1. In the stretch 48-93, carbon and sulfur make up what percent of the accessible area (probe 1.4 Å)?
2. How do the peptides 181-189, 321-329 rank, highest first, by the average count of neighbouring beta carbon atoms within 10 Å per residue?
3. Under a 1.4 Å probe, what is the accessible area of the stretch 282-401 per residue, stated in Å²?
4. Using the structure shown, select from LYS150/LYS199; LYS304/LYS454; LYS110/LYS359; LYS169/LYS541; LYS26/LYS359 the pairs with a Cα to Cα distance greater than 29 angstrom.
5. Which value, in Å² rounded to 10, gives the accessible area of ASP71 with a 1.4 Å probe and all protein chains present?
6. Per residue, how large is the accessible surface of the stretch 24-115? Use a 1.4 angstrom probe and give square angstrom.
7. For ILE469, which sequence-distant residues (separation of 5 or more, or a different chain) have an amide H within less than 5 Å of its own amide H, given hydrogens modelled in the peptide plane?
8. Kindly provide log₁₀ I(q)/I(0) values, in the same order as q = 0.12, 0.19, 0.20 Å⁻¹, from the Debye equation applied to equal alpha-carbon scatterers of the stretch 300-423.
Amino acid sequence: MMDSSYMNMASIGDFDPLRASIPATKVEITVSCRNLLDMDTFSKSDPICVLYTQALGNKEWREFGRTEVIDNTLNPDFVRKFILDYFFEERQNLRFDLYDVDSKSSNLSKHDFLGQAQCTLGEVVGSHGNRLEKSLVGIPGRKCGTIIVKAEELSNCREVVMMQFCGNKLDKKDFFGKSDPFLVFYRSNEDGTFTICHKTEVVKNTLNPVWQAFQIPVRALCNGDFDRTIKVEVYDWDRDGSHDFIGEFTTSYRELSRGQSQFNVYEVLNPKKKMKKKKYLNSGTVTLLSFTVESEATFLDYIKGGTQINFTVAIDFTASNGNPSQPTSLHYMNPYQLNAYAMALRAVGEIIQDYDSDKMFPALGFGAKLPPDGRVSHEFALNGNPQNPYCNGIDGVMEAYYQSLKSVHLYGPTNFSPVINHVARYAASVNDGSQYFVLLIITDGVISDMAQTKESIVNASFLPMSIIIVGVGPAEFDAMIELDGDEVRISSRGRYAERDIVQFVPFRDYIDTTGNHILSMARLAKDVLAEIPDQFLSYMKARGIKPSPAPPPYTPPGLPLQTQI
């Protein structure tokens, strides 16, 4: 059994495989255009497409890459693709510029501009069949035609390997008894450095250990490059954390994939011993016992198959926020800049809206006295229409929020459970994987119905939903941290949540002292949304729900399929 101090491996640095930064899923972007402008007098245009991207929270466009040039066509289907890292939790802006190439020059100003289109990567993958069609713009008074952008997740990002190893005649390192060996796996990076990607358990007191089989994503093991070096180090575990190095060997995904064979018996070598001792052969061997590959369904598989993400927002209208007409209030209606509630709402909403086809979002408030009779409500529609609380896009939600501030009276107490139960009622009616619900609660964090909220979260953990809580203001957020359940799984009356569905972040951690709100809000959205794809997958897997097949590729009616040279 693993000793608790085993996790504090001083010699190898702290490593938590669940938190390791694995390269994101990679997405391949294919571009086609239809009805481009004809800029050439005697023949058709010779188009090229240039892709620009922006760094996180940075408005500056940088050239990412170019397609090939296709001669003499106004309807190009470019062959050269763009491969982008995909992050659900980031707003990844893309800009496609089209030019008619007139010479060999790589300077774009020497060629005729044909138009451009902007979108986010989320819009492309969130579109029906991962296919987005947009009008090209940029030349006043001219119709520039359309661009069709398709996204395809690269297959090697989704494979998971199951491997098992054993050791034989490893060096004895302990004075009393034998060694306590374990293995550490590293993938090599482009620059020749190594990144830890897996650690086995310790097998106590043996020189011939058999380690348990383990699973690891292919991208974590080799970043999708089958010939990249994988380094494996063998250690003897010591209680004080100063683990003794037994030796190492290298391999690659391609070698390992041959499975159990004479090629997968590795000599464990200790370079220091080799230099000292002439007769040194090795410090034992490690053998691969089994190797199997499975393909895992990814978040994008479900989105491609048509699963919709439904986004609901709930805003705290309790008196502890302060009078909205006063600058000290968290709800202060400042004519010159967004307050914390509005900033958090926009940061998270602008990313999630790409995954919701109708862009209609229910927006709720809680903890206010409502006109005309002053009754307290913990679940009211911001737009004043309880039968239809839907707002059109994030802008519609913002408008309804500002209208509410003018009409309701901030009151209390702060009860979360009614809005959680509101979304849970919808989520409970959909159990086929076609929809998933995300509730964003923005609050100043002083909660009055902790027991009922825990009960609501435990119940919701069995449903297709996740809850994001953004805490604004200076309060202590201990209760919110407890609800987050990262440290201790949340429970109510002896029942534990089936999975972790709550993610909490304090807004104050993201206030940028330099005034760069764009970057600070991008970071907020990134941290808040980062857990959603895994929470989403944990629900689908627990229910055995497979992604629906993607819809067939779209062919516009009446257009002959074109062949291109």
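The values are calculated or read from the model by the stated rules, or taken from the named source; none is laboratory data. These numbers were taken from a predicted model, which means no experiment stands behind them. As a convention, Cβ positions derive from the backbone with ideal geometry for all residues, glycine included, and neighbour counts pool all protein chains shown. We work out accessible area using only protein heavy atoms, side chains counted, and drop any ligands, DNA or RNA first. Shrake-Rupley method; radii C 1.70, N 1.55, O 1.52, S 1.80 Å.
1. Using a 1.4 Å probe with all protein chains present, the stretch 48-93 comes out at 46 percent carbon and sulfur.
2. By packing density, highest mean first, the sequence is 181-189, 321-329.
3. With all protein chains present, the stretch 282-401 gives 39 Å² per residue.
4. LYS150/LYS199; LYS304/LYS454; LYS110/LYS359; LYS169/LYS541
5. 110 Å²
6. Here the residues of the stretch 24-115 average 47 Å² of exposed surface.
7. Residues meeting the amide H criterion: ILE441, GLN503, PHE504, VAL505.
8. -0.45, -1.04, -1.14
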